[in-house]
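Report on one structure; see the data block that follows.
Taken together, the values in this text are just the output of simple stated rules run on the coordinates, not laboratory data. A quick note: this is a predicted structure, and the numbers were derived from the prediction, not measured. In this analysis, Cβ positions are derived from the backbone assuming ideal geometry, glycine residues included, and neighbour counts consider all displayed protein chains.
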Amino acid sequence: MRILTVFFLALLPGIAPANAAADASEARKALAEAKSLSCAFKTAIETNWEVERYNTKQQKGFKFSIEGINTGRGNAKAVSSQGASHLEMIALSNVRHFLGFTASGDLNVTSVHGQFSDKPGEFLASHSVHMASEPPRTFQHFGGCTVKAE
């Protein structure tokens, strides 16, 4: 019995990577097939240039959706309570980067990764805002996105 237990424990480390690889494959496939995503960013940091140095402070998060994802054309649409805007998309096998620009010149980048968070069906995601302001001001948001039912 002891030999069987030792054998089982020796195999155990090999099981986890196989499951992790299956989860990663499943996440990448689900992301590749997604046509709409609902995203929530709960953690946020604002960074400002103030008196010879950058200062950061916590901010409230926000929610929005990414709709009409068209991998062939490389675009989508960001939709929030404030309206909708066009997004350009860079589609890689493990991540989708969505780039948006505001009329005032701000750059928004949302990266949705083909990796599940600790919540079932939620992809890890980050959202960055680079303001076209002087002095420099940026925001970094962290959260997740789920496939939105159509």
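Taking every C-alpha pair closer than 8 Å and separated by at least 6 residues, the mean separation divided by the residue count of the range 2-147 gives a relative contact order of 24 percent. Within the set K35/K148; K57/K119; K60/K148; K35/K119, which residue pairs have Cα atoms separated by over 18 Å? Long pairs (Cα-Cα over 18 Å): K57/K119; K60/K148; K35/K119. Multiplying the residue separation of H97 and H130 by 0.36 nm and removing their Cα-Cα distance gives an extension gain of 10.4 nm.
Stick to the Cα atoms of the range 2-147, pair each with every other, and give me the Kirkwood hydrodynamic radius in Å at one decimal. About 17.1 Å, per the Kirkwood formula over Cα pairs. The separation of the range 87-112 from the range 119-150, counted between C-alpha centres, amounts to 10 Å. With R₀ fixed at 30 Å, the C-beta to C-beta distance from K57 to V147 puts the FRET efficiency at about 0.35.
Amide H contacts of L92: H97, each under 5 Å away and 5 or more positions distant or on a separate chain (H built 1.01 Å from N in the peptide plane; Pro and chain starts excluded).
For a modelled paramagnetic label at D23, 7 Å from Cα along Cα-to-Cβ, the residues of the range 108-134 in reach, with backbone nitrogen under 13 Å, are 115-124. Which listed residue (N108, I66, N48) has the Cα farthest towards the positive end of the charge dipole for the range 2-147, taking +1 on Lys and Arg C-beta and -1 on Asp and Glu C-beta about the Cα centre? Toward the positive end, the furthest listed residue is I66.
Under a straight-distance cross-link criterion of Cα-Cα below 19 Å, which aspartates and glutamates are reachable from K77, leaving out those fewer than 8 residues away in the same chain? Answer for K77, where 19 Å is the Cα cut-off: E33, E67, E88, D106, E150, listed by chain and number.
Residue by residue, the range 132-140 carries 3J(HN,Hα) couplings of 8, 10, 10, x, x, 8, 9, 10, 10 Hz when phi is fed to the Karplus relation 6.51 cos²θ - 1.76 cosθ + 1.60 (θ = phi - 60°); x denotes Gly or Pro. Rounded to the nearest Hz, the phi-derived 3J(HN,Hα) couplings of the range 81-86 under the Karplus curve 6.51 cos²θ - 1.76 cosθ + 1.60 (θ = phi - 60°) are 5, 8, x, 10, 8, 6, where x marks glycine and proline.
For the range 141-148, backbone phi angles converted through the Karplus equation (6.51, -1.76, 1.60; θ = phi - 60°) give residue-by-residue couplings of 10, 10, x, x, 10, 10, 5, 8 Hz, Gly and Pro being listed as x.
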